[in-house]
Each structure stands twice: as C-alpha cells, then as structure tokens.
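A quick write-up on the structure given underneath.
The values are calculated or read from the model by the stated rules, or taken from the named source; none is laboratory data. Fair warning: this is a prediction, and the values are worked out from it, not measured in the lab. Cβ sites come from the backbone with ideal geometry, for glycine too, and all protein chains shown count toward neighbours.
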Amino acid sequence: MLRSISIQNYALINKLEIEFSNGFSVITGETGSGKSILLGALSLVLGQRAEGNVLKDDSKKCIIECAFAISKYKLHTFFEENGLDYESETVIRREVLPSGKSRAFVNDSPVSLKILKELGFRLLDIHSQNQNLILGSFEYQLGIVDTYAGNGVLLRAYQEEYKEFKETGRRLMQQKELAEKEKADLDYYQFQLLQLVEAELVDGEQEQMESELETLNHAEEIKSHLFKAHGILSEGENAVINQLKEVRNALAHIQGVYPEAESLYRRLESTYIEVQDISQEIDRCNDSVELDPTRIDFLNQHLDAIYSLQQKHRVDTVEDLIRIREELNEKVSAIESSDDAIMALKEELEAQRDKLQQISDKLSNERKKVVPSIEKTIINQLILLGIPNANFKVQIETIDDFQHFGKDNIRFLFSANKNARLEEVQSVASGGEISRLMLSIKYLVSSSTALPSIVFDEIDTGVSGEIADKMGAMMNQMSENIQVISITHLPQIAGRGKYHYKVYKTDDEHETYSNIILLNKQNRLEELAKMLSGSDLTKAALENAKVLLNS
C-alpha cells in the first residue's frame, strides 16, 4: 500500500509531501493544475525513464520518494534475490541530477532501473488512458486470464522449462551446422592426421637423428683419422706410448740419487696410463664407426619427412608436430562422434518437449476452467455500468507450437448491442465502452492479484451521470481488497471516495507552483459543488454535493 509520496524540484512542484491511507482515495483538480505531474512523478519513482528536463530548478537535483507498506505481499524472496534489505515499510527513492543522469534506491541501497521496475510492478498498478490501448493485445488478455486463474507459479515453471527447451534447440541447431561444416573438412583432417601418424614422431628424435646422420656421412674420414691417431699413440717403435715408457724408465733409475725425479716419475706414470686409455678408446671408437648406406638412407628419409611436415604446418620442432597431431586426432574424433552428440541433444529436446507439453496442458486446462466465471463477471459488471446488452467472450485456441506463454492464443470478443456479432474489443468498443470494460476487468482481478495498490488515471473518460456513479461504487467496492486511488474529473466518482485530495496551482511574483492537499469535510463539499456547477457555489450545487457525499 502506498503510504506517502515526497517530491522535490520536479516540474512545477517545488516541494510536496502527502500521505495516503487504505481504501478508496480520489484526486481532483482543474485541467492543468498538475494531476499529470503528480502521476509522472509516481511513475518515475517506479522505474520509468526520465524524459526531457524534469527539474524545476536546473541547478538542483530532483528527489522523489515513496513509502510503501509491504508486509502482506510476500516480497521477502524478491528482496533476498536482489540483495536488498527487507523492511515492512519500504522506501523507494529516485534522484534526477542536473546532468540528466538518475539514480534509484530501495531502502537506501542503490538499484538498477530493471530491479526498480520489477519491484514497482509488484507494488502499484498505474492505469492510464494509454493502457486502454493495450486491452487488445494478446499478452495483456492472456495476463488477465492467468492472473484470475492464479497461474503465476505454473506459468513461471512453464517459462523456465520453455527457456531450457529453446536453449537446447539452439544448441542442437548449432551442433548440426557445425557437424555439417566439419564433415566437409573431415577427409582433409584425416589425411593430415595420417601423415603425422605415419611419421612415427618421437619427442627429441630430430636432434639425435641429425647428429647420427652427420657422423655416418663422414664415417670414412672419421675412421681414417681415428686409425692414424691410434697408430701414432700405439703402433711402431716410435709410438708415443713406447717413448713415454722409456722416459718413465729413465726417471725410475735416478729416483734414488735425485729426489726431484720421484715427483716427475709419478706425474709421467699418470700421463702414461691416461695415454694408454685414450689409445684404447680411440680403437673402440674406430670399431664402432661403420659405413652403413642403408642407415643413412633411412635417416635421410625420416628427416626429410619431418622437415616436410614442419614446413607444411609452419613449425620448427617435432614437439610442435606432436601437438598438432593430438589436436587433429581430437578434432577427427569429435567430428566422427558428432552424430552421437546430435542424437543426445535430440533425446534431451524430446524429454523437455514432453515435460513442456505436460505443463502446457495443465496451463490450458486452468485457463479454460476460469473462462465461464470471467465471462459471467465481466458481463454482469458491464450491465451494471449501463451496457444492458453487453456480451463478452474469452476465446481460447490451442496452437501447435510452444510460445513464451504456452500453446494458447486468447482473444477477448465484445459486443455492446443486442444480437450484434462478437468481435475483438479494439475493433468495436467506443472510448466510453473501453473505459467501462477496463474497469470491469480490473474489478475482476482485484480479488485475485497480490497487487497492493491501483491508480486509475481518468478511467471515467467518456462516461457521466449514473454510469459514473456506478463506476465510483465499483471502485469503492474494489478498495475493500486493495488500495484504490482514482484521478477523476467526475463528481459522481469523487463523491464515492473515502479520502479526497485536491491538486491546485498557485502563483507568486516569480513562478507557478503545483500542490496537493487532503480536503476536510467542508472543503470537500465545496470542491464537489464546484465540479457540479462551476466556480459559482450555488445553494443547489451544495445540496447536490451533500447528496453525493451521503450516498
């Protein structure tokens, strides 16, 4: 329930604070007095975008603040999901800065306009004349039926399942397109993979084979020099080992008489042993080096294959080729198994379709169950509102494809005249009939919705007299379930309100201001009299005003 509204520096409003109560409140005022400004401020705080320059004083920010009593409306989950502090009396604030930017707050926590709109939708229904135009929309008509049927939880379950169903369908289509594209490249990928597999690549082998090939290509030269080196060290009388042996023996003879010879002997003995070992190693190396043309051919072919693959794939190492081989292997495996992936997605989609069909059928049944009650209630209310031959029908047609709201197409059909053909409401209803039909619909759902408050902005357009009085009575009856605020220009409706507010303009030597006050009994009597007869307060007008209030 709307508790209060505070407005600063908005349009013609300098500063305004007003409190509201439950039940039926009416707001009146002369044309141009600022009723639309008040409604605009209220819409702004509920998430509508600020259009144009709304600042009265361009150097200051605009602040609009509304307090709502929300304890009865089960909004704890909404606050938790959006990280907001829940307060039984929640304050929403909207600020518009001189720069044109705006900020929104719920209980002093900053929020986005999206969250503000979602919360505002749960707190207040502002029905303006523009909303009459949406009466003919499929979504609005379906929303009325679902609200009356209490399908909120069921519809949300359907829409969550529908979202998953659409996502699975998108993934299936994407998988099919990908499979079709990749299957066209499969032969090419398999050819590339086969080349890499046949190369029998081993990490680090390239360097080893290049070194071995270098040795084999110079085997004859290597053996010749190794043979020569071994001969110098070990063969013939002048072999280095023999000469070292003689030097060692010479030093051995003088160790007893020449102490320095002992150290030289030990050093030479070590050299002699090392040279012997080197000679033996050279001989072994000579034996290990072989002239092997077959091995040379093998190495050349294998390295040529590696070089060719490196050039083809624009890489420098065998490690890179192995990585590409693994990637191609995964890609080929994925393409070859794409049929399995498609089949799995098809099965998932069918399971979701079955589940969606079950919820959709239940949703349709719930809608069809309430149709007779909706039709009867609307017709009865239209008759009370002065359309004695009114006929109203909710037509539900089940379609083949799933939609966001199920598989039902809904149309509201209406006729105002006896034996007239039923047609869609937007085609046959006049302005006054649309107003009465909309009020009847709001009356219908007021007992079913969890909406705390509703604001009617001149829903009485096109009606007067007795019909206006009945519309006022209907709004008064609605206010037993929800808070109702009606902006009206008709005294018959204004007289039905429990509380009566007046919007007015005042001027000083510099500016014009809009303001609003809650009328006391005498002021209210005078306001109704003026609405009946104009600015002159005649005795007859006052008497008529008393009758309206007493009724």
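Within the range 51-73, being modelled with pLDDT under 90 and surrounded by 18 or more Cβ atoms within 10 Å (Cβ to Cβ) holds for Val54, Leu55, Lys56.
Scanning the range 50-74 for residues that are under 18 Å from Phe121 (Cβ atoms), in contact with a strand residue (DSSP E or B) (Cβ under 8 Å, 6 or more places away or on another chain) and assigned to a loop (DSSP other than H, G, I, E, B) gives a single hit, Ile70.
The range 95-208 holds strands (runs of 3 or more DSSP E) entirely within its bounds, and those carrying 2 or more residues that are in contact with a Ser or Thr (Cβ under 8 Å, 6 or more places away or on another chain) and surrounded by 14 or more Cβ atoms within 10 Å (Cβ to Cβ) map to 102-106, 124-127.
Apart from one condition, Lys521 fits all of (1) loosely packed, with under 15 Cβ neighbours inside 10 Å; (2) under 28 Å from Tyr10 (Cα atoms); (3) among the charged types (D, E, K, R); the exception is (2).
Assess whether Ile282 counts as being surrounded by 12 or more Cβ atoms within 10 Å (Cβ to Cβ), touching a Phe, Trp or Tyr at 6+ places or on another chain (Cβ under 9 Å) and not aromatic (Phe, Trp, Tyr). First the steps, then the outcome.
Details: surrounded by 12 or more Cβ atoms within 10 Å (Cβ to Cβ): yes; touching a Phe, Trp or Tyr at 6+ places or on another chain (Cβ under 9 Å): yes; not aromatic (Phe, Trp, Tyr): yes.
When the stated conditions are applied, Ile282 passes them.
Looking at Ser137, Ser59, Ser99, which is the one that is within 30 Å of Glu424 (Cβ to Cβ) and not charged (D, E, K, R)? I'd like the intermediate steps shown before the answer.
Values: Ser59 fails: within 30 Å of Glu424 (Cβ to Cβ); Ser99 fails: within 30 Å of Glu424 (Cβ to Cβ).
Answer to the selection: Ser137.
Taking the range 356-390 as the range and being within 17 Å of Leu439 (Cβ to Cβ) and touching a residue at least 24 places away in the same chain (Cβ under 8 Å) as the test, the residues that pass are Ile374, Thr377, Ile378, Gln381, Leu382, Leu384, Leu385, Gly386, Ile387, Ala390. Every test in (1) farther than 28 Å from Leu186 by Cβ; (2) touching an Asp or Glu at 6+ places or on another chain (Cβ under 6 Å) is passed by Ile335 save one, and that test is (1). The set of residues in the range 14-35 being within 24 Å of Ser535 (Cβ to Cβ) and buried (at least 18 other Cβ atoms within 10 Å of the Cβ) consists of Val26, Ile27, Thr28, Gly29, Ser33, Gly34, Lys35.
Based on this model, can you work out whether Thr147 counts as within 30 Å of Ser373 (Cβ to Cβ) and either assigned by TED's automatic domain parsing to the domain that holds Arg284 or in contact (Cβ under 8 Å) with a residue 40 or more places away in the chain (or both)? Yes, satisfied.
Of all the numbered requirements in (1) in contact with a helix residue (DSSP H, G or I) (Cβ under 6 Å, 6 or more places away or on another chain); (2) closer than 20 Å to Ser36 by Cβ; (3) outside the structural domain of Val26 (by TED's automatic domain parsing), Leu444 misses one, and that requirement is (2).
Being of a type outside the set (A, V, I, L, M, F, W, C), under 12 Å from Ile27 (Cα atoms) and either crowded, with 16+ Cβ neighbours inside 10 Å or in contact (Cβ under 8 Å) with a residue 40 or more places away in the chain (or both) is the requirement here; does Tyr504 meet it?
Details: of a type outside the set (A, V, I, L, M, F, W, C): yes; under 12 Å from Ile27 (Cα atoms): yes; either crowded, with 16+ Cβ neighbours inside 10 Å or in contact (Cβ under 8 Å) with a residue 40 or more places away in the chain (or both): yes.
Yes, satisfied.
Taking every residue in the range 222-246 that is more than 26 Å from Ser288 (Cα to Cα) and pairing it with any residue that is surrounded by 13 or more Cβ atoms within 10 Å (Cβ to Cβ), at least 6 positions away or on another chain, the pairs with Cβ-Cβ distances below 6 Å are Leu244/Tyr272.
Please tell me if Asp339 is touching a residue at least 24 places away in the same chain (Cβ under 8 Å), under 30 Å from Thr168 (Cα atoms) and either over 60 Å from the mean Cα position of the chain (by Cα) or surrounded by fewer than 14 Cβ atoms within 10 Å (Cβ to Cβ) (or both). If you could, list the steps in order and put the result at the bottom.
Details: touching a residue at least 24 places away in the same chain (Cβ under 8 Å): yes; under 30 Å from Thr168 (Cα atoms): yes; either over 60 Å from the mean Cα position of the chain (by Cα) or surrounded by fewer than 14 Cβ atoms within 10 Å (Cβ to Cβ) (or both): yes.
So Asp339 passes the test.
Candidates in the range 291-310 are the residues that are among the hydrophobic types (A, V, I, L, M, F, W, C) and farther than 16 Å from Gln208 by Cβ; of these, the one that is farthest from the chain's Cα centre (by Cα) is Leu291.
Among the residues of the range 271-320, those identified as of a type in the set (Val, Ile, Thr), in a helix (DSSP H, G or I) and under 30 Å from Tyr189 (Cβ atoms) are Ile306, Val318. Is there a residue being farther than 15 Å from Phe138 by Cβ and either part of a helix (DSSP H, G or I) or touching a strand residue (DSSP E or B) at 6+ places or on another chain (Cβ under 6 Å) (or both) anywhere in the range 393-405? Yes, because at least one residue in the range 393-405 is farther than 15 Å from Phe138 by Cβ and either part of a helix (DSSP H, G or I) or touching a strand residue (DSSP E or B) at 6+ places or on another chain (Cβ under 6 Å) (or both).
What do you reckon, is Lys331 more than 30 Å from the chain's Cα centre (by Cα), part of a helix (DSSP H, G or I), in contact (Cβ under 8 Å) with a residue 40 or more places away in the chain and surrounded by fewer than 13 Cβ atoms within 10 Å (Cβ to Cβ)?
It is false that Lys331 is more than 30 Å from the chain's Cα centre (by Cα), part of a helix (DSSP H, G or I), in contact (Cβ under 8 Å) with a residue 40 or more places away in the chain and surrounded by fewer than 13 Cβ atoms within 10 Å (Cβ to Cβ).
Scanning the range 225-270 for residues that are hydroxyl-bearing (Ser, Thr, Tyr) and surrounded by 14 or more Cβ atoms within 10 Å (Cβ to Cβ) yields Ser234, Tyr265.
Here is a check on your reading of the model: is Asn82 within 30 Å of Leu437 (Cβ to Cβ), in contact with a helix residue (DSSP H, G or I) (Cβ under 6 Å, 6 or more places away or on another chain), of a type in the set (S, T, N, Q) and in contact (Cβ under 8 Å) with a residue 12 or more places away in the chain?
On the way: within 30 Å of Leu437 (Cβ to Cβ): no; in contact with a helix residue (DSSP H, G or I) (Cβ under 6 Å, 6 or more places away or on another chain): yes; of a type in the set (S, T, N, Q): yes; in contact (Cβ under 8 Å) with a residue 12 or more places away in the chain: yes.
No; evaluated as a whole, the condition is false for this residue.
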